[in-house]
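Below: one structure, written as structure tokens.
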Amino acid sequence: MLKQYSFEETAVQTFDEKTSLAMKTENLQVFYGANHAMHDADLAFPKNQITALIGASGSGKSTYLRSLNRMNDGIATVTGKIWYHNVDINEPTVNIYEIRRHIGMVFQRPNPFAKSIRENIVYALRANGLKNKAELEERVEKSLRGAALWDEVKDSLDKSALSLSGGQQQRLCIARSIAMEPDVLLLDEPCSALDPISTVKVEETLLELQKKYSIIIVTHNMQQAARVSSQCAFFHLGHVMEYTPTGTMFSNPQIPVTQDYIAGSFG
Amino acid sequence: MEQTNFQLKKQKSQSNDWSARLHHATRATREDWMGKGISYLCIGVIILVVASMLWFITSKGVATFTQNHVSLTKFLFGTNWAPDQGHIGALPMIVGSFAVTFAAAIVATPFAVGTAIFMTEISPNKGRKLLQPVIELLVGIPSVVYGFIGLAVVVPFMRHVVGGSGFGIISATFVLFVMVLPTITSMTVDSLRAVPRHFKEASLALGATRWQTVSRVILRSATPGILTAVIFGMARAFGEALAVQMVIGNAAIMPKNLISPASTLTSQLTTGIGDTIDGTLPNNALWSLALILLLMSLFFNALVRVIAKRGQLKHER
């Protein structure tokens, strides 16, 4: 039986004005119909760092993440403010296509299109009006290198993306996202469908990518959060309970619910 | 104490001969045999029926060439159809059948794909509640009703608009268009629904618009399914007899244009089959037409299989 924890007792860090932030949410609420899935999330994400969102299944971390680039449009009702470059991108007048070009997303299950490896990457570039062949080729190579996939696929760019292994597919999805040169990369449990070796490769890729991008990653795997992230937010039953630097989170959790979760008492 | 003893005894008596115990048939194994038997019986009956139909039509159909010694080229490419006088050039009907089939498919496909996109991507709710029943209803209407409406509405309309009798390929195309539309639409809907949701999500997450997502990702990966739908629609149009017969005019002559009376393989069959005597050339010639129909439907089936295989292969390489 799950212990009852008070949702009043939270420990959420804020950042002073000197820290440059990639994104910030204020009072973010998400409703699936009558189901209040996310309560009052106030989180700020520093630039060029990896922030991990951890928590048990159903804690609302994926729901929260999907709100950040408006992927919940048409699925759930999201209220509150999402600040990005001092614009509230949760306003209905905001161009969602533009947002998703700047805030990319990689999903839990590797989901390359049933097209060739090259086509997977140029698809979105073309959709954005990039037509120059040389430039497209350049972007393909650059993004595949960025996702640490280039050496493995450079001779078979015309092969179907579905012929790649799961780990390669997921890195292709990352390449596909960074080909758009976004600011922020959202990853929704990117390694949960991968074997340990592929997971290590993806993690190495992320650590490399944080030099250029701000990364927010949802993960089930606490070791993964500890390995890759600088900041760590713990979600519980639709509430953000604790948000601290990752070192603090794992060595010195501030509140009982986090302590119990880190210790493995539930989740 | 007594009970324990009893259980021990029972176990002992059973465990004496493990080989017999593990080999003997129980109710479960007998049910298995029975189920297998019934399935094989059903399959056997179906195979028997199909095989005898194929054999029957083929043997009757080739009699024109073996018994009446009509040359195959004359039959396939001759344009004079007068079986009573020994002329059986089937080209007018072959051309008529292909003309109405392709014309109906070409007209119906854009409407069908558009409707299917509306039903799956643009307004799934209205699609399910409103359009789905309409389409199911359209499939269920007997072909004689379509033919009757064609005769009462389309033919007079064509007569009024373009002149002539109003009977002809264009009227048949119109009737067939309405008849194959629900077939193509509902199968296209199925193939669009079968496109994995994560393709759509991935595309949207990359900043692609809804239109880009539909046209470049969803339609692309549903293409084999849509082609299959079109071929099924064509097979239906090719095989449709009654409705076509009622509006095409049934003149076994080469169609010179789209608005003069023509005929198809099926319309010629239904028109002529009652007036011929078994075993004579006019009767055998009709069986030959039926053989062409059969071969065409086999061809359509083979095509569907090839497309399905291609669609799979593309992504396994």
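Assorted remarks:
- Note on segment A:161-267: dipole from Cβ charges, positive end direction compared against A:Leu206, A:Met241, A:Gln224; the farthest Cα belongs to A:Leu206.
- C-alpha long axis of helix B:91-117 to longest principal axis of chain B, angle in °: 60 degrees
- Loop trypsin sites (Lys or Arg not before Pro), segment A:12-79 (other Cβ atoms within 10 Å of the site Cβ: 12 or fewer; DSSP): A:Lys18
- With the convex hull of the Cα atoms taken as the outline of segment A:1-150, the averaged projected area works out to 12.5 nm².
- Segment A:65-201: radius of gyration over Cα atoms, expressed as a fraction of 2.2 N^0.38 Å: 1.10
- With every protein chain in place, chain B: carbon and sulfur % of accessible area (1.4 Å): 68 percent
- In the protein assembly as shown, the C-alpha radius of gyration followed by the widest Cα-Cα span (Dmax) gives 33.8, 103 angstrom.
- Helix-derived mean residue ellipticity, 222 nm - over chain B, DSSP H n ≥ 4, -39500 (n - 2.57), to 500: -23000 deg cm²/dmol
- Part-to-part distance (alpha-carbon centres) for segment A:172-247 and segment B:130-174, which is given in Å: 60 Å
- Each label point was placed 7 Å from the Cα along the Cα-to-Cβ direction; for A:Glu26 and A:Ser230 their separation is 2.4 nm.
- Exposure ranking of A:Arg100, A:Arg118 by accessible area [1.4 Å probe, largest first]: A:Arg118, A:Arg100
- Against chain B, whose longest principal axis comes from its Cα atoms, helix B:27-66 is set at around 20 degrees.
- Here the calculated FRET efficiency for B:Gln67 and B:His87, from their Cβ-Cβ distance with R0 = 22 Å, stands at 0.85, rounded to the nearest 0.05.
- ³J(HN,Hα) computed for each position of segment A:20-30 - Karplus, 6.51 cos²θ - 1.76 cosθ + 1.60, integer Hz, glycine/proline x: 8, 9, 7, 8, 7, 10, 10, 6, 6, 10, 10
- Sequence-ordered 3J(HN,Hα) estimates for segment B:253-258 from the Karplus curve with 6.51, -1.76 and 1.60 and θ = phi - 60° stand at 10, 4, x, 8, 8, 7 Hz, glycine and proline given as x.
- Rounded accessible area of B:Asp17 (nearest 10 Å², 1.4 Å probe): 80 Å²
- Descending semi-axes in Å of segment A:1-75, equivalent ellipsoid built from Cα gyration tensor: 23, 18, 11
- Buried surface for the A/B pair, taken as the accessible area of each chain alone minus that of the pair with a 1.4 Å probe, is close to 2000 Å² in total.
- Near A:Tyr84, the amide H atoms lying under 5 Å from its own belong to A:Ile89; only residues 5 or more places off or on other chains count, and H is placed 1.01 Å from N.
- Segment B:76-313 - Debye-derived log10 I(q)/I(0), Cα point model, q = 0.11, 0.17 Å⁻¹: -0.64, -1.18
- Relative to the longest principal axis of the Cα atoms of chain A, the long axis of helix A:117-127 makes an angle of roughly 80 degrees.
- GluC sites (Glu not before Pro) restricted to DSSP loop in segment A:9-80 with at most 15 other C-beta within 10 Å: A:Glu9, A:Glu17
- Accessible area in square angstrom per residue, the protein assembly as shown, 1.4 angstrom probe: 51 Å²
- Neighbour-limited loop hits for trypsin sites (Lys or Arg not before Pro), segment B:245-312 (at most 14 other Cβ within 10 Å; DSSP other than H, G, I, E, B): B:Lys256
- Helix content alone sets the calculated 222 nm mean residue ellipticity of chain A: runs of n ≥ 4 DSSP H residues at -39500 (n - 2.57) each, divided across all residues, give -10000 deg cm²/dmol.
- Given +1 at the Cβ of Lys and Arg, -1 at the Cβ of Asp and Glu and no other charges, the dipole of segment B:218-317 around its Cα centre is 740 debye to the nearest 20.
- Normalised by residue count, chain A yields a Cα convex hull volume of 136 Å³ per residue.
The values are calculated or read from the model by the stated rules, or taken from the named source; none is laboratory data. Here the structure is a predicted model, which is why all the values come from computation and not from measurement. A quick note on method: Cβ atoms are made from the backbone with ideal geometry, for glycine too, and the neighbour counts reach across all protein chains shown. The area values use the complete protein model at the heavy-atom level, side chains included, leaving out ligands, DNA and RNA. Shrake-Rupley method; radii C 1.70, N 1.55, O 1.52, S 1.80 Å.
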